[in-house]
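Structure, as structure tokens:
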Amino acid sequence: MKLQFNKPFVASGLVMIFIGLLAPMAHKHAAAPFGLLQAHLIGEVQALLFFTLAVLWPVLNLPKLSLWISDFSLQLGLWTNMIGTLFIGMLGAGKEQYIVNQDKIPGYHGFWNDVTNLLIALSAYAAITIVISLIGVLRNQSSEASDKVINAVSVALFVLLGIFVAFQVMFPEYSNL
């Protein structure tokens, strides 16, 4: 019996583990070393999510559009989270952001803070994958009508989350609620 899996998820998981393992090694050169510890933990945990969904992917009972939205959302969400956390650690982009000092954004200024806030906000897209995957696991039979409903729900979630991300980026004081 040959194991089926989603190869891009496995590749992303391996790269994320590698980056996560290397991140703490640069702590002496980081503007916010605590951010690199978070990047280490995020890399390892998110890689496990990639590996789990890689094995689950072939058994999901979902239409192609929903699978594509879910795939894209997972890659977008987890990679922007990883890159945003690396920015926080290495560039000090988030010295004043919630992820580093566990408080509101007191001094939200500058290009790198804007970029970091966008990246961290985009990480919410990974949640869409979990919701759509749950639908695919619980779904017994597929029909054209149910495929349309699932595709509509997937597109609606994607668009609504885009509006939510835009709100968080435009109004960063509300991004840590």
Restricting to segment 118-176, what's the tally of residues that are without any contact (Cβ under 8 Å) to a residue 12 or more places away in the chain and touching a helix residue (DSSP H, G or I) at 6+ places or on another chain (Cβ under 9 Å)? 5
Taking only segment 142-159 into account, find how many residues are surrounded by fewer than 12 Cβ atoms within 10 Å (Cβ to Cβ) and part of a helix (DSSP H, G or I). 4
State which residue is most open to solvent (accessible area, probe 1.4 Å) when the search covers only segment 22-63 and only residues that are over 30 Å from V149 (Cα atoms) and outside any helix (DSSP H, G or I). A31
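The values are calculated or read from the model by the stated rules, or taken from the named source; none is laboratory data. Quick caveat: nothing in here was measured; it's all calculated off a predicted structure. Using ideal geometry, Cβ is built from the backbone for each residue, glycine included, and neighbour counts are taken over all protein chains shown. Please note that ligands, DNA and RNA were not included when accessible areas were found on the heavy atoms of the full protein model with its side chains. Shrake-Rupley method; radii C 1.70, N 1.55, O 1.52, S 1.80 Å.
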